[in-house]
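Taking it in order: structure first as structure tokens, then the write-up.
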Amino acid sequence: MADTVKPETPRGEYFYGMGRRKTAVARVRLFPSGDGSITINDKPAQSYFGTREAIMATVNAPLRALDLGGTYTMTIRVVGGGTTGQAGAIRHALARALVRMNPDNKLAMRKAGYLTRDPRMKERKKPGLKRARKAPQYTKR
């Protein structure tokens, strides 16, 4: 898929994708004529997520799956959740933007599992229990 031709876009045009994970929501703007920089909430990605390589690997996974490396500039807005949820939301949004850019990418993104919204959420606490599932210790007498 690396031999696909980048579509010609006027200056300032971008491809958009929105993704969710847990309580995090990410909106990605993918600029085809770029230098590979990633800006998250007006900060460089390395300063936003710190030195955690696993988080950055999650964010860049759709680009690596298509061998697109540093050919795109991304501006990302993400709200809610923690760092892992935000990284998953960004990955979901980036995959959607890549499919919107080139529909031929859909099979690769679907096969890698990046287009599927992860439905797992935190389970709510139930009345009479200490947490979502933990019950008080049973005493017979």
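The values are calculated or read from the model by the stated rules, or taken from the named source; none is laboratory data. Predicted model only: the values in this text are computed from it and were never measured. Note that we place each Cβ from the backbone using ideal geometry, even for glycine, and neighbour counts take in every protein chain shown.
The rows are residues; the columns are (1) hydrophobic (A, V, I, L, M, F, W, C); (2) at pLDDT 95 or above.
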| position | (1), (2) |
| --- | --- |
| Gly19 | no, yes |
| Arg27 | no, yes |
| Ser37 | no, no |
| Val59 | yes, no |
| Leu63 | yes, no |
| Leu66 | yes, no |
| Met74 | yes, no |
| Arg77 | no, yes |
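Taking the criterion of being under 16 Å from Ala26 (Cβ atoms) and outside any helix (DSSP H, G or I), the residues of the stretch 95-120 that qualify are Tyr114, Leu115, Thr116, Arg117, Asp118. Annotation note: of Asp104, Asp35, the sole residue that is charged (D, E, K, R), exposed (fewer than 13 other Cβ atoms within 10 Å of the Cβ) and in contact (Cβ under 8 Å) with a residue 40 or more places away in the chain is Asp104. Ile55 passes every criterion in (1) in contact with a Ser or Thr (Cβ under 7 Å, 6 or more places away or on another chain); (2) at pLDDT below 90; (3) among the hydrophobic types (A, V, I, L, M, F, W, C) apart from (2). Yes or no: the stretch 126-137 includes at least one residue that is touching a residue at least 12 places away in the same chain (Cβ under 8 Å) and small (Gly, Ala, Ser). Checked the stretch 126-137: no residue is touching a residue at least 12 places away in the same chain (Cβ under 8 Å) and small (Gly, Ala, Ser).
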